[in-house]
1. Would you be able to tell me the number of residues in the stretch 50-71 that are assigned to a loop (DSSP other than H, G, I, E, B), surrounded by fewer than 22 Cβ atoms within 10 Å (Cβ to Cβ) and touching a residue at least 12 places away in the same chain (Cβ under 8 Å)?
2. When the residues of the stretch 77-104 are narrowed to those that are over 11 Å from residue 66 (Cα atoms) and over 13 Å from the mean Cα position of the chain (by Cα), which ends up surrounded by the most Cβ atoms within 10 Å (Cβ to Cβ)?
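Any read-out appearing in this document is the output of simple, stated calculations on the displayed coordinates, not a laboratory observation. These figures come from a predicted structure and were not determined experimentally. As a convention, Cβ positions derive from the backbone with ideal geometry for all residues, glycine included, and neighbour counts pool all protein chains shown.
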């Protein structure tokens, strides 16, 4: 899939997770409890536009700096932001402006929910 096709599919064709044409993702295990708890603090609009395969993150990442390539609507970045805590940093990068708009629309909501920027 080239960049323009990817932008068309993830930006214009998909409007929520249920719109996915295929689901090639499977996970053998349930996510760690810390990830499940953090997911509960992610805005519903962000979760509705999640097209990833699940988050794999080391357990001890407090204070880490993380770059999330292909961050989409920001679900993984918002989960990771909680795991790295207020002294860590997460930067999400995506090529789809519609996905980034969803992530950015809920920045303040997440700041208030997490209690830090």
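1. Narrowing the stretch 50-71 to residues assigned to a loop (DSSP other than H, G, I, E, B): 50-64, 70-71.
Now narrow it down to the ones that are surrounded by fewer than 22 Cβ atoms within 10 Å (Cβ to Cβ): 50-64, 70.
Applying the additional criterion that residues be touching a residue at least 12 places away in the same chain (Cβ under 8 Å) yields 50-55, 57, 59, 61-64, 70.
Matching residues across the stretch 50-71 total 13.
2. Only one residue fits best here, namely 96.
For every residue, the table says whether it meets (1) in contact (Cβ under 8 Å) with a residue 60 or more places away in the chain; (2) farther than 18 Å from residue 35 by Cα; (3) in a helix (DSSP H, G or I).
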{"site": "73", "(1), (2), (3)": "no, no, no"}
{"site": "79", "(1), (2), (3)": "no, no, yes"}
{"site": "86", "(1), (2), (3)": "no, no, no"}
{"site": "90", "(1), (2), (3)": "no, no, no"}
{"site": "102", "(1), (2), (3)": "no, yes, yes"}
{"site": "108", "(1), (2), (3)": "no, yes, yes"}
